[in-house]
Amino acid sequence: MASLALHLADLFRPWVDLYSGSSTVETIVVFLHLGGLVAAGGLAWTLDRAVLRSARGPHPSRAELARELGLAHGAVLVGLAVVFVSGVALVAADLKTFLVSWIFWVKMGLVVLLLGNGWLLKRAGERVALEPDADPAFHHLKGAAMRSVGLWTLTVLAVTRNAELNTLIGQR
């Protein structure tokens with residue numbers, strides 16, 4: 001792994017020089033990473049909350065809720081795409097640090113779980129849209145929303161912990 005990191009570090013040397021030599025570039029990349037996380041995660045949390053609230057009593061129609069989920073799913077994916085691209089830029093700025101960091105790999109695992117759960121949430125929302133009164137379909141949607149809240153929370157925690165690595169990089 002260390003030799004791969006060294007080889008890739010040489011490949012990304014122009015980016016490393018630009019990133020480490022410009023506080024403006026560093027600020028923009030970190031802003032995009034955190035901004036994408038806040039936008040995608042905030043929207044996802046809002047939608048998850050709506051699903052969980054609707055399971056407890058008076059609620060907007062499940063069909064309307066499923067429609068809103070379908071409309072917002074694309075915006076969450078755009079936010080995650082911004083997080084992904086900016087994350088690649090951050091990692092490329094210091095491969096030797098990130099590729100051997102267990103915190104980084106935990107965060108990557110959480111992102112994979114978020115994407116998988118997002119797919120399940122989307123499918124469950126589509127089932128609820130087709131059969132709004134079917135309790136099993138809504139039960140799957142509620143479960144995906146609960147997992148989503150937990151995964152977003154853990155991902156933000158991992159990003160916060162990973163920020164310590166970014167601080168260490170900046171102090172070199």
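The values are calculated or read from the model by the stated rules, or taken from the named source; none is laboratory data. Computed from a prediction, not measured in an experiment: that's the story for all the values here. Heads up, the Cβs are rebuilt from the backbone with ideal geometry, glycines too, and the neighbour counts pull from every protein chain shown. The accessibility values were calculated without ligands, DNA or RNA, using every heavy atom of the protein model including side chains. Shrake-Rupley method; radii C 1.70, N 1.55, O 1.52, S 1.80 Å.
Do we have Ser3 as touching a residue at least 12 places away in the same chain (Cβ under 8 Å), open to solvent by 60 Å² or more (accessible area, probe 1.4 Å) and either among the hydroxyl-bearing types (Ser, Thr, Tyr) or assigned to a helix (DSSP H, G or I) (or both) here? Quick ask: steps written out before the conclusion?
On the way: touching a residue at least 12 places away in the same chain (Cβ under 8 Å): no; open to solvent by 60 Å² or more (accessible area, probe 1.4 Å): yes; either among the hydroxyl-bearing types (Ser, Thr, Tyr) or assigned to a helix (DSSP H, G or I) (or both): yes.
The answer is no for Ser3.
Taking the stretch 125-152 as the region of interest, how many residues are hydrophobic (A, V, I, L, M, F, W, C) and closer than 15 Å to Arg53 by Cα?
Of the residues in the stretch 125-152, 6 are hydrophobic (A, V, I, L, M, F, W, C) and closer than 15 Å to Arg53 by Cα.
Being modelled with pLDDT of 90 or more and polar (S, T, N, Q) is the filter here; which residues of the stretch 1-59 pass it?
If the condition is that a residue be modelled with pLDDT of 90 or more and polar (S, T, N, Q), then Ser20, Ser22, Ser23, Thr24, Thr27, Thr46 are the ones that fit.
Being open to solvent by 30 Å² or more (accessible area, probe 1.4 Å) and either hydrophobic (A, V, I, L, M, F, W, C) or more than 18 Å from Gly42 (Cβ to Cβ) (or both) is the filter here, so list the residues in the stretch 71-100 that pass it. Walk me through it before giving the result.
As a first pass, look at the stretch 71-100 and keep what is open to solvent by 30 Å² or more (accessible area, probe 1.4 Å): 71, 73-75, 77-78, 80-82, 84-85, 88, 96, 100.
Once the filter is applied, which keeps residues that are open to solvent by 30 Å² or more (accessible area, probe 1.4 Å) and either hydrophobic (A, V, I, L, M, F, W, C) or more than 18 Å from Gly42 (Cβ to Cβ) (or both), the stretch 71-100 yields Leu71, Ala75, Leu77, Val78, Leu80, Ala81, Val82, Phe84, Val85, Val88, Lys96, Val100.
Sort through Leu151, Leu157, Leu168, Leu115 and tell me the only one that's at pLDDT 95 or above, in a helix (DSSP H, G or I) and either open to solvent by 70 Å² or more (accessible area, probe 1.4 Å) or touching a Leu at 6+ places or on another chain (Cβ under 8 Å) (or both).
Working: Leu157 fails: at pLDDT 95 or above; Leu168 fails: at pLDDT 95 or above; Leu115 fails: at pLDDT 95 or above.
It is Leu151.
Answer yes if at least one residue in the stretch 50-70 is closer than 30 Å to Ser22 by Cβ and part of a helix (DSSP H, G or I), and no otherwise.
Within the stretch 50-70, the subset closer than 30 Å to Ser22 by Cβ is none.
The answer is no; no qualifying residue exists.
Only residues that are open to solvent by less than 40 Å² (accessible area, probe 1.4 Å) and within 14 Å of the chain's Cα centre (by Cα): list them for the stretch 9-57, please.
If the condition is that a residue be open to solvent by less than 40 Å² (accessible area, probe 1.4 Å) and within 14 Å of the chain's Cα centre (by Cα), then His33, Gly35, Gly36, Leu37, Ala40, Gly41, Gly42, Ala44 are the ones that fit.
Out of Val106, Val100, report the one residue that is assigned to a helix (DSSP H, G or I) and within 30 Å of Leu4 (Cα to Cα). Write out each step before concluding.
Values: Val100 fails: assigned to a helix (DSSP H, G or I).
None of the other options fit; the residue is Val106.
Any idea which of (1) touching an Asp or Glu at 6+ places or on another chain (Cβ under 8 Å); (2) touching a residue at least 40 places away in the same chain (Cβ under 8 Å); (3) not polar (S, T, N, Q) is the one Ala40 doesn't satisfy?
Evaluating Ala40 over (1) touching an Asp or Glu at 6+ places or on another chain (Cβ under 8 Å); (2) touching a residue at least 40 places away in the same chain (Cβ under 8 Å); (3) not polar (S, T, N, Q) leaves (1) as the failure.
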